[in-house]
Amino acid sequence: MSDQVTSELNEVFRSVFDNPNIQISENTTSNDIVGWDSFSHMNLIIAIELHFNIEFTQSEAIEFKTVGELIQSIEKKIKPA
């Protein structure tokens, strides 16, 4: 797992949830982040898409169970073809 992607993603989480103390890991779930509900999840997905210049399908956006799954998807999408 890319430390660079994880680091950048952590900053996105901190911004979306307005919490500079958030520290994500591949095992982080919505239960671990205060305020992570369905509404903030969509805000998070949009922020990630903008930050990494990628797009998720609707089904991808709702299927992530852990931050690790999210990171894997980001890494696949940002790899050059």
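The values are calculated or read from the model by the stated rules, or taken from the named source; none is laboratory data. Because the structure is predicted, anything quoted here is derived from the model rather than measured. No Cβ is skipped: glycine too gets one built from the backbone with ideal geometry, and neighbour counts run over all protein chains shown.
Residues in the stretch 52-67 that are at pLDDT below 95 and assigned to a helix (DSSP H, G or I): how many?
Matching residues across the stretch 52-67 total 6.
Kindly evaluate residue 29 against the criterion of being surrounded by 13 or more Cβ atoms within 10 Å (Cβ to Cβ) and among the hydroxyl-bearing types (Ser, Thr, Tyr). Reasoning before the result, please.
Working: surrounded by 13 or more Cβ atoms within 10 Å (Cβ to Cβ): yes; among the hydroxyl-bearing types (Ser, Thr, Tyr): yes.
Against the criterion (surrounded by 13 or more Cβ atoms within 10 Å (Cβ to Cβ) and among the hydroxyl-bearing types (Ser, Thr, Tyr)), residue 29 qualifies.
Do we have any residue at all in the stretch 29-51 that's outside any helix (DSSP H, G or I), among the hydroxyl-bearing types (Ser, Thr, Tyr) and under 14 Å from residue 72 (Cα atoms)?
no
If you check every pair at least six apart or on different chains, which have Cβ atoms under 9 Å apart with a residue in the stretch 28-42 that is without any contact (Cβ under 8 Å) to a residue 60 or more places away in the chain and within 10 Å of residue 66 (Cα to Cα) first and a residue that is part of a loop (DSSP other than H, G, I, E, B) and among the basic types (Lys, Arg) second?
If the second residue must be part of a loop (DSSP other than H, G, I, E, B) and among the basic types (Lys, Arg), the pairs left are 29/65; 30/65.
So which residues in the stretch 68-81 are hydrophobic (A, V, I, L, M, F, W, C) and assigned to a helix (DSSP H, G or I), if there are any at all?
Keep residues of the stretch 68-81 that are hydrophobic (A, V, I, L, M, F, W, C), which gives 70-71, 74, 78, 81.
Listed by number, the residues that qualify are 70, 71, 74, 78.
Determine the pairs where a residue that is free of Cβ contacts under 8 Å to residues at least 12 places away in the same chain, located within the stretch 4-26, has a partner that is surrounded by 16 or more Cβ atoms within 10 Å (Cβ to Cβ) and not in a helix (DSSP H, G or I) with Cβ atoms under 8 Å apart, the partner being 6 or more residues away or on another chain.
14/22
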